[in-house]
Structures are given as C-alpha cells and as structure tokens.
Amino acid sequence: MVLELQKPRPIWQIMFSTHHTDVGLLYLITSLSFLFLGGALALAIRAELFYPGTQIIADSMTFNRIFTVHGTTLIFLFILPFASAVGNYFVPIMVRYKDMAYPKLNAIAFWMIPPAGALIWLGFADFTWYATPPYSIISAPGPAADMWIFGLKILGISSVLGAINFIVTILKCKHPDMSIGQVPLLAWSFLTSSLIILVAIPTFAAALLMLLTDRLGVSGFFNPAMGGDPIAYAHLFWFTFHPEVYVLVIPAIGMMYEIIPRFSRKPIYSHSSGIFAFVLLSMVSFSSWAHHMYATGMSFTEKTVFMIGTLAAVPASAMHVFNFIATMWNGRIKFATPMMWAVGGIALFFSAGAGGVVNAAMPLDFQTHDSYWVVGHFHLFVMGTIAFGSIGFLYYMFPYVTGRMYNEKMGQAHFIMSFIGAVLVFFTQHLLGLYGMPRRVYDYPPIPEWITMNQIASVGAMIIGVSMFIFLINMIYSSAKGKLADTDDPFGLGGKYYYPFEAKNPHH
Amino acid sequence: MKSIIGLFLVLAILVIIPAVNFVFAAGDEPEGYLDRRVVIWNLFYRMMTVAFTVGAVVSGTIIWLCWRFRESHPKATPTPYEKEGVW
Amino acid sequence: MGHHSNWPEWVYVGVVIALMVWVGSEAWNAERLVEHIPADAEVIKVTGQQWFWTFEHEDGTKEIGELHVKVGHAYKFEITSKDVIHSFNIHDYVVLLDAVPGRINTVWFAPKEVGEHAIQCREYCGLIHYNMRGTLFIEEDKSS
C-alpha cells in the first residue's frame with residue numbers, strides 16, 4: 001500500500017482504478033475535502049452566535065441551511081467516507097487478500113459519493129439533518145429538500161454496497177491460515193459496523209421514499225393533515241440512526257486499537273474482549289433508538305424500556321476504555337502525534353458517554369433535550385472521539401500512503417489546539433444547555449450567561465479552526481516535500497507489525 | 001491498586017449519598033404539590049457527583065499512565081515484546 | 001498475547017453494570033414521581049403554531065404569547081400543534097414536551113413562587129424558531 005504519491009501516475013489512472021488503495025485514496029481525499037467544507041460552516045455558525053443579533057449571516061433561513069448542511073456533510077461525507085478510506089487501505093492487508101472482494105463494486109460505492117455530495121451542497125436544504133416532518137413536508141422549500149433526500153438515498157446505497165464488500169472480504173477472503181478470532185481488531189470493527197449498516201439502513205431508505213412521496217402530495221405517511229403520523233418517521237429515522245452512531249464510532253475505536261498498542265510497544269491487552277465488546281455493542285445498538293424521542297409524549301413504560309436499552313450499551317463501551325488503559329499499562333509509550341490523538345480521544349469518549357447516560361436517564365432528558373447540552377454531547381462523540389481517532393489514524397497512515405513523514409511539531413500543535421478548542425466549545429455547550437438555550441437557533445435573547453458562554457464556545461471553535469489550517473498546510477506540504485519516511489518503521493518504534501505489511505498488493 | 005481505591009470510592013458514594021439524602025428527606029414532606037424542579041435537579045446533581053468521581057478516577061488513571069509509562073520516564077524499561085520486535 | 005488472567009476486567013465490568021443499575025433505578029423512581037398528575041390539576045390547552053403559542057384556560061379565556069398562572073395551583077398542559085412539530089418548554093420549571101400535530105401530550109407543573117419565566121420552543125420549526133418565545137407570569141392567588 002505504500003508510496004502512493006512517490007510513484008507519480010496520471011490522475012485518471014487513480015480515478016478509474018479499482019485497486020483497493022486507489023479507491024482508498026479517493027475516499028480519503030473526498031472525505032478530507034468535506035471535512036474542511038463542513039468545518040467552515042461550523043465556524044460560520046459559531047461566528048453568528050458570538051453575540052446576540054445579526055453578525056455575519058444575513059437571515060435565519062441561511063443560518064438554518066448552514067447548520068443542516070454542516071451536520072449532513074460531516075456525518076455522511078466526512079466520517080463515513082473516512083472510515084471507508086481506512087477500511088480500503090487496511091482490511092485487505094489485514095486479512096491477507098489481494099484486494100477487496102468486489103473491486104468494481106468498491107469503485108462504484110465510492111463514485112456515488114461525489115454526486116450525492118453535490119446534491120446536498122447545491123441544494124442546501126434547511127430542515128436539519130433529521131428532516132423532521134411535517135416541517136419537511138409542508139414547510140421546507142424545494143428543490144433543496146428533494147435534492148437532500150436524493151443525496152441521502154444515494155449515500156445510503158453507497159454505504160450498503162461498501163458494507164457488503166467489507167463483510168465478504170473479511171469473512172470469505174481472509175487467508176485460510178487465519179481464524180476469525182485472529183483477524184485484527186481494526187478489521188473486526190469494520191465487520192461489525194458493516195453488519196449494523198446492513199440491518200439499519202433499509203429502514204431509513206424506506207422512510208426517505210415515504211418522505212419524498214409525502215412531499216409530492218401523493219401519500220400522507222407522515223403528514224397529519226392526511227391522517228399520517230410524524231412520530232412514525234421519528235421511529236423509522238432513529239431506528240436507522242441510533243445504530244448509525246455506532247457505525248460511526250466503532251471504526252474510530254478500531255483505529256485506536258491499532259494506534260495504542262503500536263505506540264505502547266505492547267500487544268493489545270485482550271483481543272478477545274475487544275471482539276466481544278464490538279459484537280455486543282453492535283447488538284445493543286438496536287435497543288435504544290427511541291431515547292431520542294422521550295419528549296414526543298411516550299408512555300412511562302416505553303421510556304423505561306428504551307432507558308434500559310440505552311444503559312445496556314455502557315458496559316460494552318467501558319470495556320474498550322479498559323482495554324486501552326490496560327494496554328498502555330506497563331508499556332513504553334512514545335507520544336508521537338497519532339498516540340496523542342488516540343489518548344485525547346479516549347478521554348473525550350468517556351465524557352461523551354457520561355453525558356449520554358444523563359440524557360438517557362428519563363427525567364433528566366427534559367432538561368437536556370434539544371438544548372445545547374445535546375449539541376455538546378454528540379459533538380464530543382463525533383468530534384472528540386470519532387474525528388480525534390480518525391485524524392490520529394490519518395497521521396499514522398500518512399507515511400505509508402505518501403512515503404514521506406508529516407511535520408511532527410505541527411502535528412502536535414494541531415492536537416493540542418484541537419483538544420483545548422474541543423474542551424472549550426463542547427463542555428461550554430453542555431452548560432449552555434443547562435441554562436436552557438435551545439439548539440438550532442439563529443439568534444438568542446441577550447441573557448448575560450448565554451452571551452459569555454457562547455463567546456467562550458466561539459473562541460474555542462476559532463482555535464480548532466486555526467489548528468485545522470495548520471493541519472491542512474502540514475498535509476499538503478509534507479506529502480510533497482516532507483522528509484522521506486522509513487516505511488518499515490516510520491515512527492522509530494523498533495518493531496514489526498503483527499500483520500504482513502510487506503504484502504504490498506501490486507496494482508492490477 | 002489505584003483502580004481499587006477508586007472502586008471503593010465509587011461504591012462509598014453510591015451508598016452514602018442516597019442514605020444521607022434519605023435521612024434529610026425524612027420528616028420533610030412538602031405540603032401541597034410536588035416540585036418537579038427539586039426532583040429533577042436532585043437527580044441531576046447526584047448523577048453529576050458520581051459522574052465526576054468516576055471521571056476523576058478514569059482521567060486520573062489515564063494521566064498517571066501517560067506520565068509513568070512515557071518512554072522518557074527515568075524508570076522506563078523496554079517491554080518484553082520489544083526483544084522479539086513483534087507485537 | 002493473552003498470558004494473563006482477566007479478573008480485573010470482569011470486576012470493572014461488574015462495577016459499570018452496578019452503576020448503570022443504580023442510574024436506571026434512580027431515574028425510574030424520579031420519573032415515576034414527576035409523571036404522577038394530581039387529580040385537581042387545572043387544564044391549560046397549549047397550541048403551538050408557526051411561530052407563537054396560544055393558551056386556553058379552563059374557563060375559556062385565551063392568551064397569546066403570555067400565560068398567567070397562580071401560585072399554589074397545579075396545572076396540566078394539554079399540548080398540541082396546528083402545523084409542524086414544536087416543543088413547549090418552560091426551562092426554569094423543567095417543563096418540556098413536544099407539540100405534535102394530531103396528538104395531545106400532557107405534562108403538569110405547580111408554580112411555587114411569584115415570578116416571570118421564559119417560555120420557548122425547543123424543536124426546530126422553521127424561519128422564526130429562534131424567536132418563538134413567550135412569558136410565563138406566576139401571580140399571587142388572590143381568591144383564597
């Protein structure tokens with residue numbers, strides 16, 4: 001997989017390739033482009049909320065469109081494609097196969113993402129990433145809303161195709177000498193998250209079609225004026241998207257499982273408990289979807305059931321944290337950039353989980369629901385855990401992809417600034433929620449506490465913004481001009497991989 | 001050892017706080033209607049006490065690990081796996 | 001790999017499960033207390049629409065954007081919506097419930113002190129969602 005950029009090839013050779021590392025590179029570049037686009041929208045939101053009144057965004061409609069596209073972009077066009085990029089690079093090598101099981105399907109799954117991204121960005125819908133009916137049916141202006149629906153439809157198909165490919169590659173194409181229990185945890189994370197995708201996505205795919213026909217006025221599944229029920233959409237949506245949260249987080253945990261033992265110079269504490277926790281997490285992910293809906297008027301019994309289902313996910317997540325800590329114990333840890341991101345990610349993962357327990361504990365949901373607490377909470381997951389794991393892994397795979405080393409000082413500065421920024425933004429947002437600030441608001445009344453906390457959060461966001469700029473420069477400069485890396489041991493750890501990295505799959 | 005101390009800390013809080021709560025609440029029945037603010041914020045603060053205790057143990061452990069097992073620590077020794085060079 | 005016993009991990013998992021059982025049972029108990037609506041609670045019909053709140057008292061008086069209640073009474077809100085989903089929220093009293101068209105959701109509270117509190121919408125409902133606000137006035141009960 002090494003030296004993608006050291007052997008210059010014409011761009012179309014990469015674009016029309018079906019080789020797993022080429023498709024992985026395409027996924028990587030696409031996802032990082034959308035990371036910067038979505039991040040720019042986040043900075044616009046934070047700038048607008050810096051002070052009550054209008055700052056840089058002229059009207060609330062534009063603001064609503066911006067946070068909708070911000071969320072959709074970073075979840076579907078950054079996190080998921082980034083995971084696919086890592087999976088494409090590593091899964092075939094880890095299971096010792098020459099490529100993905102279905103190379104052409106792999107390329108097709110990737111090439112569905114740019115048109116979907118274009119639909120979402122050119123449409124710029126305003127109905128939040130949750131497309132809540134009946135707002136999305138009777139109020140949201142088209143064609144933006146319809147373009148969003150088609151974009152998500154295409155992304156759903158792309159995810160399912162990718163998931164099928166990963167499952168077949170891991171289960172059917174792994175080397176005969178290798179038992180399923182010996183498959184590295186990163187590959188296991190792709191196996192379990194792909195299985196979740198296969199079970200979860202069809203529900204939302206159906207709901208999207210129903211939403212579309214509702215918008216066209218030919219059906220009334222979710223439209224109360226036609227006898228439908230918007231809460232049915234909420235159930236269908238969260239039945240897909242609560243498990244989807246685990247689809248996002250499980251590969252990031254898999255990436256940490258790759259980084260932490262490497263830099264601790266020890267094997268993972270317990271491979272089998274890692275597998276067990278992944279499988280358990282993927283199963284309980286389906287038992288908790290309606291905890292997003294306590295405030296829609298659910299009965300006491302329903303709320304109790306879904307609270308128990310939600311709390312059941314905690315022990316499995318906690319097992320991962322234990323595994324990380326026990327792996328670092330008695331190690332000789334080298335704090336290179338990837339390890340810093342991974343450890344920072346664990347710390348924020350714990351905070352995010354603790355906040356999640358509060359959301360799930362029934363009456364507390366009525367303090368936090370749809371307030372800035374929730375915004376802070378899930379950003380600790382998607383930014384603090386998933387993006388931290390992913391960016392750490394990007395630094396980790398950088399020398400293997402480019403054959404060059406990134407700038408270590410800039411990488412560390414990126415981490416330190418992002419960590420401080422994330423703490424400032426997302427912990428402050430938890431507090432804002434406790435002070436009652438609703439989410440998805442363009443403006444807010446001039447309550448002194450709200451102003452102070454919003455300003456702290458905005459400053460934190462700007463710090464992250466600057467750190468991401470450093471990141472961008474580091475990536476571009478180092479991939480062209482960075483010092484050549486020793487691809488057998490780029491981080492100077494003095495060890496070999498437990499999977500055969502020398503199996504550099506030839507291009508075909 | 002540290003994790004065991006932490007464990008007992010958590011258990012102690014689990015037992016002591018509800019007990020104290022119960023003692024103070026006894027004989028203090030408010031007349032009239034239940035105040036939902038009191039019930040919910042009480043629950044919130046109890047959970048925050050436990051969450052921050054557990055959080056202190058977890059993040060304290062992580063910080064100590066990072067400090068003690070960094071490769072530049074004076075007592076850092078190669079792990080048994082480094083001799084074979086495979087892990 | 002794996003030349004060690006796993007008992008610390010199982011103890012740890014046991015502690016986590018015990019914690020979650022405690023969280024669950026405390027939350028269950030609190031929710032049970034909070035959900036019990038007193039029999040003599042006065043009904044206030046709350047209707048959300050883009051982008052204001054309408055309140056109808058038991059005696060038929062209607063208010064828009066403002067709600068006047070008396071200390072020492074219990075009130076039961078029957079919340080619904082005329083167009084899209086809103087969320088009725090008096091944050092200071094931890095009252096929060098969605099206003100869903102075609103459904104009536106109920107939540108109750110009993111004001112304790114005289115004062116003014118913000119009423120807001122907490123579910124995204126479009127253009128002026130950010131300013132779908134009202135005021136709750138809690139007044140002295142002069143009749144008793």
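The values are calculated or read from the model by the stated rules, or taken from the named source; none is laboratory data. Keep in mind that what you see is a predicted model, and the values were worked out from it rather than measured. FYI the Cβ positions are ideal-geometry reconstructions off the backbone, even for glycines, and counts take in every protein chain you see. For accessibility, only protein heavy atoms count, side chains too; no ligands or nucleic acids. Shrake-Rupley method; radii C 1.70, N 1.55, O 1.52, S 1.80 Å.
A few comments on the model shown:
- Placed amide H near C:His68: partners under 5 Å, 5+ positions off or other chain: C:Phe137
- Average 1/r across all pairs of distinct alpha carbons in segment A:73-122, invert it, and you get the Kirkwood radius: 11.9 Å.
- Once the Cα gyration tensor of segment A:351-487 is diagonalised, semi-axes √(5λ) in Å: 36, 17, 9
- If you run the Gaussian network model on chain C, springs between alpha carbon atoms under 10 Å, then out of C:Thr80, C:Thr106, C:Thr61 the most flexible one is C:Thr61.
- Among C:Glu26, C:Glu35, C:Glu116: highest mean-square fluctuation, GNM of chain C, C-alpha pairs under 10 Å: C:Glu26
- The antiparallel fraction among DSSP beta bridges confined to segment C:42-139 stands at about 65%.
- Tilt relative to chain A, helix A:20-48 - C-alpha long axis, 0 to 90 degrees, to 10: 40 degrees
- In the context of the full protein assembly, C:His36 retains an accessible surface of approximately 130 Å², using a probe radius of 1.4 Å and ignoring ligands and nucleic acids.
- When Rg and Dmax are taken over the Cα atoms of segment A:1-151, they come to 18.5, 58 Å.
- Normalised by the number of residues in segment A:263-329, the average gap of Cα pairs under 8 Å and 6 or more apart makes the relative contact order 54 percent.
- Compared with the dominant principal axis of the Cα atoms in chain A, helix A:185-216 is inclined by about 30°.
- Inter-chain Cβ neighbour average for residues A:443-449, partner chain, 10 Å: 2
- Number of partner chain Cβ atoms within 10 Å, mean per residue of A:323-333: 6
- As a size descriptor, the averaged projected area of the C-alpha convex hull of segment A:215-337 was calculated at 10.5 nm².
- When the convex hull of its Cα atoms is projected in every direction, mean area for segment C:86-144 (nm²): 5.0 nm²
- Quotient of the Cα radius of gyration of segment C:14-82 and 2.2 N^0.38 Å, N being its number of residues: 1.64.
- Stokes-Einstein D (µm²/s) once Rh is taken as the Kirkwood radius of segment A:187-239 over alpha-carbon pairs, at 25 °C in 0.890 mPa s: 202 µm²/s
- log₁₀ of I(q)/I(0) at q = 0.14, 0.15, 0.19 Å⁻¹ - segment A:100-152, Debye sum with one point per alpha carbon: -0.44, -0.48, -0.63
- The Stokes-Einstein estimate for segment A:11-481, based on a Kirkwood radius over Cα pairs and taken at 4 °C with 1.567 mPa s viscosity, is a diffusion coefficient of 57 µm²/s.
- On Cα atoms only, tilt of A:230-264 relative to the major axis of chain A in degrees: 30 degrees
- Between segment A:470-491 and segment A:360-388, the alpha-carbon centres lie 35 Å apart.
- Centroid-to-centroid separation of segment C:65-107 and segment A:171-213 [C-alpha atoms, Å]: 42 Å
- Between C:Arg133, C:Arg32, C:Arg103, the GNM of chain C built on Cα springs shorter than 10 angstrom shows C:Arg32 fluctuating the most.
- Cα centroid of segment A:92-139 to Cα centroid of segment A:414-461, whole Å: 30 Å
- Equivalent ellipsoid, chain C (semi-axes from 5 times Cα gyration tensor eigenvalues, Å): 41, 21, 13
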